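Down below is the structure, laid out as structure tokens.
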Amino acid sequence: MPDIFYLIGKWWKKILLLVILAVVVVTIVSFLQPTRYLSTVTAIPANPELTDKASIFNTNIQSLSSSMGSTDELDVMLGTAQLDTVYLFVAQSFNLWDHYKTDEQGEAAVVKSASILKKYTRVIKSDFGELKVKVWDTDKNLAPQLANAIMDKLNSIHQSVQNESNGRVLNNLKASREKIKLQLDSLSNAILYDSVNVKIISHLIPAEQSRINNVRRNALWNQLEEYEKLIGQYQLMFDSKPSALMIVERARSAAWPDKPALWKILAATFFISILFGLLLALIMEKRKTSV
């Protein structure tokens, strides 16, 4: 096998030419690529216990819960970030089909622009348990708006999911309250009629039956008071709509473009072209020796 210094000494001109050509071509291609600016918004998950009625209205507080949730909630949000719903909403909100200059019209333009936005978006979980939304765009002022909008939509989706449970319980409580009111009205207006004369004979109700009615009425009033209390608590939870994400840092405009990273690309091209040139020199040298 030929020595590497022998190959470099014999083929250095051709290797150098290959490196120069590769660097020039990559430089031209890089300059033809549109520059893209990176904007990043960072958030942390809110503690789901803070949206739990039992935790909020518990009078016997044994421990104070942290406002931050665990990283398990982030895994669910990362899955939501893969849904087209998020990007379709943002694409419609910003009319991105005009910004991306898509050829499609109508609904197809919305879908295409949402696909482009998704292509230049990364939603990741950092090593510190933070949710980061990164967006690259040719407009350095639009990039942070898109990143913030995506994060806000993710928060809105999970906020709605959290609130749906409270809303469902609230509706059931209100329905049960109406049933209790009907039962109370029925007991309050309990009148016995004579089947022939249709006259009121409520004064003939035995004392035992009257006592039972009073006990039932009191029990229903107690239930009604408890339902009213629960409805007030769940109504407060439903109206407050606690956030699922807490924004740590909003996205802002970048001072310089992030892509293409010209110096990184040129450095990689330089070393790869050298290795490729040495490999070609080795192949050519082997062919010469074998002839």
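The values are calculated or read from the model by the stated rules, or taken from the named source; none is laboratory data. Computed from a prediction, not measured in an experiment: that's the story for all the values here. Don't worry about glycine lacking a Cβ; one is built from the backbone with ideal geometry, like all the others, and counts go over all protein chains shown. For the accessible areas, the whole protein counts, side chains as well, though only heavy atoms, and no ligand, DNA or RNA atoms are used. Shrake-Rupley method; radii C 1.70, N 1.55, O 1.52, S 1.80 Å.
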Discussion item. Based on this model, can you work out whether residue 134 counts as touching a residue at least 24 places away in the same chain (Cβ under 8 Å), open to solvent by 50 Å² or more (accessible area, probe 1.4 Å) and not in a helix (DSSP H, G or I)?
Written reply: yes
Worksheet, complete the sentence: Only unsatisfied item for residue 96, checking (1) buried (at least 16 other Cβ atoms within 10 Å of the Cβ); (2) more than 27 Å from residue 46 (Cα to Cα); (3) in contact with a strand residue (DSSP E or B) (Cβ under 9 Å, 6 or more places away or on another chain), is (3)
Worksheet item: Of the numbered conditions (1) among the basic types (Lys, Arg); (2) at positive phi; (3) loosely packed, with under 13 Cβ neighbours inside 10 Å, residue 286 satisfies every one except a single condition; which is it?
Response: (2)
Practice prompt. Determine whether the range 53-62 contains at least one residue that is open to solvent by 40 Å² or more (accessible area, probe 1.4 Å), farther than 27 Å from residue 154 by Cβ and at pLDDT 80 or above.
Written response: no
Worksheet item: What are the residues in the range 73-87 that are under 17 Å from residue 146 (Cα atoms) and open to solvent by 50 Å² or more (accessible area, probe 1.4 Å), if any?
Response: 82, 83, 84, 85
Worksheet item: Are any residues in the range 184-209 at pLDDT 50 or above and open to solvent by 90 Å² or more (accessible area, probe 1.4 Å), and if so, which ones?
Response: 189, 208
Worksheet, complete the sentence: Checked the range 235-261 for anything touching a Phe, Trp or Tyr at 6+ places or on another chain (Cβ under 7 Å) and open to solvent by 80 Å² or more (accessible area, probe 1.4 Å); matches are 259
Fill in: Residue in the range 210-234 that is modelled with the lowest pLDDT, counting only those that are within 22 Å of residue 168 (Cβ to Cβ) and among the polar types (S, T, N, Q)
233
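So that you can scan it fast, the table gives a plain yes or no per residue for (1) open to solvent by 30 Å² or more (accessible area, probe 1.4 Å); (2) modelled with pLDDT of 80 or more; (3) not in a helix (DSSP H, G or I):
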residue: 6; (1), (2), (3): yes, no, no
residue: 11; (1), (2), (3): no, yes, no
residue: 15; (1), (2), (3): no, yes, no
residue: 20; (1), (2), (3): yes, yes, no
residue: 29; (1), (2), (3): yes, yes, no
residue: 40; (1), (2), (3): yes, yes, yes
residue: 49; (1), (2), (3): yes, no, no
Worksheet, complete the sentence: For the range 94-131 the number of residues that are over 16 Å from the mean Cα position of the chain (by Cα) and either among the basic types (Lys, Arg) or part of a helix (DSSP H, G or I) (or both) is 17
Discussion item. Cβ-Cβ under 6 Å, sequence separation 6+ or interchain: first residue in the range 105-118 and farther than 12 Å from residue 95 by Cα, partner surrounded by 15 or more Cβ atoms within 10 Å (Cβ to Cβ) and of a type outside the set (D, E, K, R). Which pairs?
Written reply: 116/100; 118/87
